[in-house]
Amino acid sequence: MATLAESFLADLEDLSDGDEEAEDANIPFGDQMDDLDDIEALNYDNLEAVAHLIKTNRYKRVVAAAIEGLKSDVAPEVAKIGAVEDNPEYKLIVECNHLAVDIENEITIVHNFIRDKYRLKFPELESLVMHPIDYARVVKAIANEMDMTAVNLDGLLPSATIMVVSVTGSTTNGKPLAEEVLNKALEACDQALELDESKKKILEFVENRMLWIAPNLSAVTGSETAAKLMGIAGGLINLSKMPACNVQVLGAKKKRLDGFSTATLNPHTGYVFYTEIVTSTPPAFRQKAGKLVAAKCTLMARVDSYGQDPTGKCGQAMKDTVQETISKWQEPPPAKQPKPLPVPDLEGKKRRGGRRL
């Protein structure tokens, strides 16, 4: 005979089954088929279906222009004429900055594609090698080889990581991939490496030109961060008009592309938070240092907007001032000196009592 608790559980199961059947019955059959069609339309077996940046005309045009710009060196006095908005290379630098961000996102997508394909061969590798480019290099080196002693990983990873990968690869439960799946994974690795190489060339070009476009802002934040700030703000003039509290959060990430929780992300931390000055500051003062650097970025953007100091001396002086201020924050408070008692008054005071008549 069933107990009272078991009968209650049976009644609850019957009610839940009835609710699910009612919900399924209320959904039109056409809508269900449309959802299935949408899921099937996402073909993750094809790399071009999920990563198509490298085939776009914008990617080819900007990368070719950056490579050509690195070959032809422009003199600083020619590159700096009046307002920075009038510089012919200004728009190209902004496009390079936007493309560098898109390439970084594309590398993450390609990395996920490689992991999905290579997980059957070496499932533990994704937890041992976290960086997308290092992961792609290791996958190309290992390929379908089951004997890890025949794989040379020197120069790709640190020696300690190579030892862990070799031992884990020798005891893994993975199986060799089919020829078609392996070719797709290796093709994705080649694309990730090509994207990374293009990103390096773009950042090299931007760093080279930012020393002439915005020398003072580059002196405070660095060339790469200065280019990112200028690109996301829409130009140096727009950046100079922004308050420091807005400059501080430029480039802040609201979500993570790797799928993890955003609870570990630092709030109100944009590109400025990852500059050399802020990262070298102790953690207790980093938030305060980020606010200080953001305020100085606005001032240096105003100086660079109209070419008031092409030499960058103003920016270097501002950087020294910021570093001195941060150093003063870290100084311990002065020790309290013992306060001596006042010298006693040995002379008698004239005291009069009574009422004067």
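The values are calculated or read from the model by the stated rules, or taken from the named source; none is laboratory data. The structure displayed is predicted, hence computed values, not measured ones. Counting neighbours? That spans all protein chains shown, and the Cβs are built from the backbone with ideal geometry, glycine included. Side chains included, ligands, DNA and RNA excluded: accessible areas come from the protein's heavy atoms. Shrake-Rupley method; radii C 1.70, N 1.55, O 1.52, S 1.80 Å.
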*Between LYS350 and GLN287, 0.36 nm times their residue separation minus their Cα-Cα distance comes to what?*
16.5 nm
_Let me make sure I get this right: for the stretch 171-216, a, b and c are the square roots of the gyration tensor eigenvalues over alpha carbons, sorted descending. Under 1.5 in a/c it's rounded, otherwise prolate if a/b > b/c, else oblate. Which is it?_
prolate
*Could you check the simple spin-label distance between SER280 and ASP134, using points 7 Å along Cα→Cβ, in nm with one decimal?*
2.5
*Cα→Cβ-extended label distance, 7 Å offset, between ALA150 and SER170, nm*: 1.6
*Return the sequence-ordered ³J(HN,Hα) values of the stretch 92-105 in whole Hz as given by the Karplus equation 6.51 cos²θ - 1.76 cosθ + 1.60 applied to θ = phi - 60°, using x for Gly and Pro.*
5, 5, 5, 5, 4, 5, 5, 5, 4, 5, 5, 5, 4, 5
*asked:* If I stretch the segment between ALA64 and HIS268 completely, what's the gain in nm (0.36 nm per residue apart, minus their alpha carbon distance), one decimal?
replied: 69.9 nm
*asked:* 7 Å from Cα along Cα→Cβ at both HIS98 and SER127: what's the point-to-point distance in nm?
replied: 4.2
*Which FRET efficiency value, to the nearest 0.05, is calculated for SER159 and ASP190 with the Förster distance at 30 angstrom and r the Cβ-Cβ distance?*
0.70
*Over the alpha-carbon set of the stretch 272-357, work out the extent along each principal axis and list the three values in angstrom, largest first.*
85, 32, 21
*Find the accessible area per residue for the stretch 105-211; the probe is 1.4 Å, ligands and nucleic acids are left out, and the unit is Å².*
50
*Taking the dipole about the Cα centre of the stretch 100-155, with the C-beta of Lys and Arg at +1 and of Asp and Glu at -1, give me whichever of THR149, ASN105, VAL129 is farthest to the positive side.*
THR149
*For the stretch 199-207, take each phi angle, set θ = phi - 60°, evaluate the Karplus expression 6.51 cos²θ - 1.76 cosθ + 1.60, and give the result in whole Hz per residue in order, putting x for glycine and proline.*
5, 4, 5, 5, 5, 5, 5, 5, 5
*Looking at the stretch 120-221, how many pairs of lysines come closer than 25 Å at the Cα, when each pair is eight or more places apart or spans two chains?*
11
*Could you order peptides 279-289, 298-308 by the average number of other Cβ atoms within 10 Å of their residues, highest first?*
298-308, 279-289
